[in-house]
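Report on one structure; see the data block that follows.
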Amino acid sequence: MDIKEYISSGIIEAYVLNLASEEEVSVLMCISKHNSEVQQAILEAQETLEDFATVQAMSPPAELKSIIWNKISDQANHPIVSVEKTEELIPQSALPSPVRKFSTSNWSIAASILLAISIGANIYFHNKTTVNQNLLEQSVSKQESTQKALLSLEEKWAMLQDPAIKTITLAGVEQHPKLKAHVFWNTNTTDVYLSLENLPPAPEGMQYQLWAIVDGKPVDAGVFPLDHTDQITSMNQIPKAQAFAITLETKGGNPTPNLTQLYVMGNI
């Protein structure tokens, strides 16, 4: 797991704002126990939220302190003045009522917290949407790949069931013992189809070329398309042959095979 990507995913902000699920919190706690970067990121997120709320809080009027002290002094000089009378002497505009003071200050803090929640939630859900989109794209790509593989298997099965088609297995030569390919040769129509099986993708500027060995001489049977490595591909028609082989040639193919780049070969 990439810790920096995890920290920037928004999960820590969601945790601090109490938006994360139980499962996400459990994973975060487990990771933070063993990773100081995650612990520090959690502390910084908590401090940022607290600082944001503190900055946005509303302070009482600057002149309120002097007004209160003046009224206390007046009351000390005139003790018979009742508390109710003292309250009447204090200008209501200068001394906000407890309800009004509480409401204004707390609404400011609440607004700050809501703003922080909104920002954190937007980051969290944006990142989560991006992750889900990536997973969806991967799933679609995997499904397409599976469908191609299934079509290839169906083609092979149909060819194996056709009595006119000969299946020739091309085994890896001494330098490439684990490689394999299949040639499907229709002896009635002379059509040839090739499946590379487990041959690796051709390097840039190179291309696999199929050869039919006719009376001891190689005959060009066509180059295999660069973008069809996992499919069965139609090659050149071959009326007769005693064997087939595949070499790696320069892109576009060559008139004669480069035997130093011989990969697989099989007799009929």
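Kindly establish whether K166 is basic (K, R), farther than 14 Å from S234 by Cα, assigned to a loop (DSSP other than H, G, I, E, B) and open to solvent by 60 Å² or more (accessible area, probe 1.4 Å). Against the criterion (basic (K, R), farther than 14 Å from S234 by Cα, assigned to a loop (DSSP other than H, G, I, E, B) and open to solvent by 60 Å² or more (accessible area, probe 1.4 Å)), K166 does not qualify. Put simply, of K178, K128, K142, K156 the only residue that is modelled with pLDDT under 70, under 24 Å from F244 (Cα atoms) and not hydrophobic (A, V, I, L, M, F, W, C) is K156.
Output the qualifying pairs, or none if there are none: Cβ atoms under 6 angstrom, residues six or more apart or on different chains, first residue in region 40-61 and modelled with pLDDT of 70 or more, second residue among the acidic types (D, E) and open to solvent by 50 Å² or more (accessible area, probe 1.4 Å). Pairs found: A45/E13. Of everything listed in (1) farther than 19 Å from N254 by Cβ; (2) at pLDDT below 95; (3) open to solvent by less than 70 Å² (accessible area, probe 1.4 Å), the single unmet condition for G172 is (2). What's the number of the condition I238 fails, among (1) open to solvent by 20 Å² or more (accessible area, probe 1.4 Å); (2) assigned to a loop (DSSP other than H, G, I, E, B); (3) closer than 15 Å to T167 by Cβ? Exception for I238: condition (1).
Residue selection: T256 fails the criterion of being loosely packed, with under 15 Cβ neighbours inside 10 Å and outside any loop (DSSP other than H, G, I, E, B). Taking the criterion of being among the hydroxyl-bearing types (S, T, Y), in a loop (DSSP other than H, G, I, E, B) and surrounded by 13 or more Cβ atoms within 10 Å (Cβ to Cβ), the residues of region 189-229 that qualify are T190, T229. Counting only residues that are open to solvent by less than 50 Å² (accessible area, probe 1.4 Å) and not small (G, A, S), which one in region 241-253 is farthest from the chain's Cα centre (by Cα)? Ranking the qualifying residues of region 241-253, first place goes to F244.
The values are calculated or read from the model by the stated rules, or taken from the named source; none is laboratory data. Keep in mind it's a predicted model, so treat the numbers as computed, not measured. Note that we place each Cβ from the backbone using ideal geometry, even for glycine, and neighbour counts take in every protein chain shown. All accessible areas refer to the heavy atoms of the entire protein, side chains included, with ligands and DNA or RNA removed. Shrake-Rupley method; radii C 1.70, N 1.55, O 1.52, S 1.80 Å.
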